[in-house]
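K.L.:
Questions regarding the structure given below will be posed in turn.
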Amino acid sequence: MYKRFMFSLLASILTILLATVAIAADAPALLVGASSASVNPPVGSFLGGYDLNRTSTGVHDDLCAKAVVVSDGVTSVALVVVDSFSIPYDVTQAIRSAAAGLIKNSTLPPRQVIVQSTHSHAAPDTIGIYGPNETTCGRSPEYMKQLVETAAQQVAKAAENMKPAGAAFSQTQCAGWAVNDSEPDKLDNSVTVLQFLDKEGKSIATLTNFACHPTVLDGDNTLTSADWVASFYKSMSAKLPGEHLFLQGAIGCWMQPNTPERTFELAQKYGEDLASKTLAALQHETSLSDTRVRFASRVFNMPIANDNFKAMSLAGLVPRNFAESVETEAAWFAIGPAQFATHLGETAPVFAAQTRELMDTEPKFILGLGLDHLGYICPPDYFVNTDKYPFAKYLVSMSPSPQAGPVMMEALKSIVP
């Protein structure tokens with residue numbers, strides 16, 4: 001009697017377990033979609049970075065707007081990466097608004113669209129301070145309209161293309177050509193990768209986070225280009241299907257490529273090197289067992305203590321008021337244990353380290369120039385002991401305030417759980 005009872009009990013438990021497994025296998029824990037399109041400017045566009053009155057004479061390689069939308073069925077987040085010099089907060093808000101008009105997904109409100117630039121200096125002036133002279137805006141309304149509409153369309157297409165997916169991450173190093181010009185001993189050559197795979201194991205998209213200016217090309221170049229990021233994308237696409245998004249890291253103070261020459265050939269070499277290391281790392285990835293999507297953000301005011309910023313507003317070069325403070329935003333989101341945090345400009349590596357300390361699970365992604373671009377976010381000591389750090393005089397001249405870093409970190413501390 002006892003044996004028959006135990007057999008019946010075990011059979012019942014086994015039936016329940018098998019049913020539970022079947023339901024888990026059938027339920028799409030994660031939905032992912034991706035899309036991209038070019039955002040090349042017309043010839044004659046003012047280029048961002050380096051000297052004033054530098055205009056494009058053609059296209060060397062495509063500038064792209066790429067989007068990935070991720071949803072667990074309850075919460076969604078969109079990540080948009082644009083090969084541009086800058087995505088200021090007003091442009092982020094415009095992309096969000098345009099995307100909201102195209103998407104009917106209630107799990108993806110506008111604030112959960114995260115926009116980031118790669119910061120190529122061979123892309124149009126999207127701030128306004130690199131026009132023909134110091135008092136004339138270099139930002140083209142026509143090009144900005146094109147950029148906003150194209151980026152928003154990629155979010156909508158990615159949302160339409162969503163399919164059941166799994167996720168896996170890997171980490172590696174890419175050392176040898178990304179250097180810290182201001183503090184050589186503070187070097188972050190880490191590479192963090194998140195890959196989304198469909199049910200057949202085919203890649204939908206990869207997200208690769210690495211910190212280095214795309215500035216192999218100098219001010220003598222007038223062809224629009226994503227710099228070494230273009231070669232990275234081309235090399236990744238040649239070996240792996242799906243979309244590939246480069247997520248810029250903390251590049252302020254001052255993560256630069258080593259440039260014994262300023263050529264497209266060197267840019268190609270660097271991009272291929274990062275792609276090679278990324279692809280090798282993907283051979284040893286770890287699956288995410290938890291794919292719950294979480295999101296938090298905070299809008300706050302950044303103090304402005306820099307007269308250069310105030311002069312930009314007074315001259316009408318930028319559409320924002322930099323009088324005493326300016327509205328900006330920080331965001332954090334997670335896909336299971338994978339955590340992402342935005343930095344609102346070109347941040348020093350120390351702030352990347354501080355941000356990672358806030359996160360208690362791996363992998364960790366720092367989205368430099370995410371949601372906004374408020375110049376260099378320097379450690380306070382750069383303002384006090386300027387002579388101690390190479391290039392500090394220039395860096396602080398393009399920083400909103402000595403308190404910018406601490407204020408940003410306080411905002412992140414308030415939203416990272």
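Any read-out appearing in this document is the output of simple, stated calculations on the displayed coordinates, not a laboratory observation. Note that the structure is a prediction, hence the values are computed from the model and not measured. Neighbour counts are summed over all protein chains in view; Cβ atoms, including those assigned to glycine, are modelled from backbone coordinates with ideal geometry.
K.L.:
Highest mean first, what order results for 244-256, 31-43, 183-195 on Cβ atoms within 10 Å?
P.N.:
Going by the mean number of other Cβ atoms within 10 Å, highest first, we get 244-256, 31-43, 183-195.
K.L.:
Taking amide hydrogens as modeled 1.01 Å from N in the peptide plane, which residues meet the under 5 Å criterion relative to Phe365, leaving out close sequence neighbours?
P.N.:
Gln339, Phe340, Ala341
K.L.:
Between region 342-387 and region 201-249, what's the alpha-carbon centroid distance in Å?
P.N.:
After rounding, the separation between the Cα centres reads 21 Å.
K.L.:
Please determine, in degrees from 0 to 90 and to the nearest 10, the orientation of helix 2-26 with respect to the longest principal axis defined by the Cα atoms of the chain, where the helix direction is its Cα long axis.
P.N.:
30
K.L.:
Please report, in Å, the Rg and the Dmax of region 320-392, where both are computed over Cα atoms only.
P.N.:
14.3, 44
K.L.:
Students often check this: by mean Cβ neighbours within 10 Å, which of 77-85, 293-301 ranks highest, and how do the rest follow?
P.N.:
77-85, 293-301
K.L.:
Which whole-number percentage describes the relative contact order of region 30-417, with Cα contacts under 8 Å and a sequence gap of 6 or more?
P.N.:
Over region 30-417, the number comes to 18 percent.
K.L.:
So who's got an amide H within less than 5 Å of the one on Glu183, skipping anything under 5 residues away but keeping other chains? H placed 1.01 Å off N, in plane.
P.N.:
Residues meeting the criterion, in which the H sits 1.01 Å from N, are Trp254.
K.L.:
Using θ = phi - 60° and the Karplus curve 6.51 cos²θ - 1.76 cosθ + 1.60, what whole-Hz ³J(HN,Hα) does each residue of region 363-374 get, with Gly and Pro shown as x?
P.N.:
Coupling constants for region 363-374: x, 10, 10, 9, 9, x, 6, x, 6, 7, 9, 9 Hz.
K.L.:
How much net charge surrounds Ala352 when only the other residues with a Cβ under 14 Å from the Cβ of Ala352 are counted, with Lys and Arg +1 and Asp and Glu -1?
P.N.:
In short, -1.
K.L.:
Which whole-angstrom value gives the distance between the alpha carbon centres of region 268-327 and region 118-153?
P.N.:
Between the Cα centre of region 268-327 and that of region 118-153, the gap is 17 Å.
K.L.:
Can I ask one more? With the Cα gyration tensor of region 148-274 giving a ≥ b ≥ c as the square roots of its eigenvalues, does the rule (a/c under 1.5 for rounded; else a/b larger than b/c for prolate; else oblate) give rounded, prolate or oblate?
P.N.:
It is prolate, given that a/c is not under 1.5 and a/b is the larger ratio.
K.L.:
Whole-Hz Karplus ³J(HN,Hα) for region 156-172, in order, using 6.51 cos²θ - 1.76 cosθ + 1.60 and θ = phi - 60°, x for Gly and Pro?
P.N.:
5, 5, 4, 5, 5, 8, 4, 9, x, 8, x, 9, 8, 10, 8, 9, 7
K.L.:
Roughly how big is region 270-417's charge dipole about its Cα centre, with Cβ charges of +1 (Lys, Arg) and -1 (Asp, Glu), in debye to the nearest 20?
P.N.:
I would put it at about 140 debye.
K.L.:
How do 94-100, 322-328 rank on mean C-beta neighbours within 10 Å, highest first?
P.N.:
Those peptides, ordered most packed to least, come out 94-100, 322-328.
K.L.:
Separate question: Looking only at the chain, where both bridge partners belong to it, what percent of the DSSP beta bridges are antiparallel (to the nearest 5)?
P.N.:
Antiparallel: roughly 75 percent of the beta bridges in the chain.
K.L.:
Got a sec to turn the phi values of region 112-124 into Karplus ³J(HN,Hα) couplings, 6.51 cos²θ - 1.76 cosθ + 1.60 with θ = phi - 60°, whole Hz, x for Gly and Pro?
P.N.:
9, 9, 9, 10, 9, 9, 7, 6, 5, 8, 10, 10, x
K.L.:
Helix 89-102 sits at what angle to the longest principal axis of the chain, using alpha carbons and giving 0 to 90 degrees rounded to 10?
P.N.:
40
K.L.:
OK, next. Against the longest principal axis of the chain, how steep is helix 349-358, in degrees 0 to 90 to the nearest 10, with axes from Cα atoms?
P.N.:
With rounding to tens, the tilt is 30 degrees.
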